[in-house]
Each structure stands twice: as structure tokens, then as C-alpha cells.
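Below is one structure, written out as C-alpha cells; the observations come after it.
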Amino acid sequence: MHRSGRHIGALVVCVLVAAGTAGLRGQAPAKWSPPRTADGHPDLQGYWTNDSYTPLERPDEAKGKEFFTPEEARAYLKARLDRLNNQSQSDIHYDDATWQAENYAKQPHLRTSIVTDPPDGRIPPLTPAGQARTAARVRARQGVGAADSAQVRTLAERCISWGNVGPPMLPPTYNANFQILQSRDQVVLRHEMMHDVRLVSLSGNHPGRWVQFLAGDARGWWEGDTLVVDTTNFTNQTNFRGAPQTARQDIFASDLLHIVERFTLVDRDTIHYQFTVDDPTTWTRSWTGESPLRRFEGPIYEYACHEGNYGLANILRAARVQEAAGQQVEAPTVGNRFAPR
């Protein structure tokens, strides 16, 4: 799918001018009374998306700036669209052009990064232990081909987990949609991507540390009108940044990872989502981020990751053909990082 960004950029200008700057900096509007479920808590149920052009970490061109002005935001979007339009027709990925760029027009958001603390908008440095684990993973890759087996491919390529579904919930390249369901004892976050369903129990305690889950164990409670979700009991295979695409993204937390999320319905169509990530063996300090969740009409559809999917099999098959012909097996340009098991 090839789309021009010119009409998107024009629409963004109209939306930003009409919207002004009020409410675009993560500020909640005046107090209002949200709709409530039978048990008296805010009704978060419905279909939501966290799709966003805002990067997780503040880009170099926005260094020292927590927020863009509307003019700077338009220039930032234009630069992104220009890069897309200048790509060769064989290298344009519809995820970028369709989901990220168009979302800017739907949901103007002036933050320069999802990370809000540390103040520089960057994830803190790794601890010595975190650096050692990363170095061990690099060593484990040595001598292992990018297509030696299915096990060296990413969890996303293997249809196990995309990672962005959380916690924390980070915008992916596409399929950023999910549904929230509530009962008295549980909140369910049913994501469109893969087959991931997060079950948040509103009662009981976390199990012992020896019980581990790829997405952790989630326990929630209400603080006024805010749903607080506390997640622990992760594995050491949890990729906190979603499907890895660059060396910096290929960072895994430890089983001491602890994430607290806060969901606050600030108007009918917007949830203010905030999260804090802490792992003393991975980062030198905890870090916090936030982003808006936007309601849409729905529904969402089954992702069916492996149905009719020949990508992974063809990657391995092509590698075997190259090896039989005495050729060097080259890694694909996307998704060629892996977590050794």
C-alpha cells in the first residue's frame, strides 16, 4: 500500500490550528463525572487505541524541549512524511504511512516523547548488571546465524508476543487497538495484536516470585476514579520495548521488573494513561511515561498471526537454499534481532 503524506500534512495543520494548545500537553480538562458501572467505578469499557507518532524517547532534534509548539509539531510531522515520500517505492512500509502519520491528524499531541521522567525524556542508563546481561546476549549471538532456526527469530515473528501490549503499553507500528472489559472482580484488556489478553485481578495478592509470566502478574485497585494496575512476576525474557528493530531496542529486563500503570478517564473519549517502570538490576533509576488512549467505534478483529503466514517458514527455507548453494545467508532487514533461549 503506497500513500502520499501531503493530504495528511494539510489535515494536521487544520486540526492543530482548530484545537489550539489547550489539552494537548497531557493536561486533564476540568473535573467531570465519568459514566459508572453497576459497582460505582468509572466505566472504561469500549474500544481504544494508543497509536501515536510520539517516540518513546525524545529525539535529538527536540533535546531540552518537553513539548513542541504547534509550528514545531507541524515541522516534525512534515520531516517524517518527507522521509516516507522520498523512500524508494519498494521500501515504503504501509505501517508508517497509514498508522503513524494519519494518527497525528486524529490526535494532535505535543509531547516530544512518551517518557516524561527523567526530565530529558530518555530511558535511564543500564546498571552494570544490565550491561553485563546485554553483553552476554551479544556473545550468545556470535556464531549463530539469523536464520539458523525458528528459535533465533523474535517472539513477534514466532507469533508468541509482540511485546508492546504491555505492560507498559507502548504504541506499536500498527494494530494499536484493544478492548477494555470490566466486572466487579476483574478488568480485561483484549489486544488486537497477536492473541494477547491481559487479565487484571482486582482481588488477591501476587503469587510467589517463582511463578512467572511473560507479561507478568497484574493486580489492580481503584484510587478514586483512577484504575491502578501493579504488575510483577515477569520472566527474564520480557522485552520491555516491544518487537525489537534496533540494537538499542533489544533490551530485556530481569525478573525483578515492576510496573505500575494508571488509567484515568478524563473525558468520554480519552483515557490518560501513565506508567512507571522499575528494575534495580536493569536501569540506574525508575522511569515514567504517559500517553493518551483514544476511543474509537470498533470492533477489533482476530489477528490470526499464523493463519496463512508463510513468512517465518520462507525465511528458514530461503536460508537453507542459500547454504546449499554455498552462499552466505544474509539477515532480513526487519526483525533480525532475537533473544537467545
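The values are calculated or read from the model by the stated rules, or taken from the named source; none is laboratory data. None of these values were measured; they are calculated from a predicted model. Using ideal geometry, Cβ is built from the backbone for each residue, glycine included, and neighbour counts are taken over all protein chains shown.
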Working only within the range 185-209, note down all residues that are out of contact with any Pro (no Cβ under 8 Å at 6 or more places or on another chain), over 21 Å from Thr232 (Cα atoms) and either of a type in the set (A, V, I, L, M) or at pLDDT 95 or above (or both). Met194
Does Ser201 satisfy the criteria of being surrounded by 14 or more Cβ atoms within 10 Å (Cβ to Cβ) and not aliphatic (A, V, I, L, M)? yes
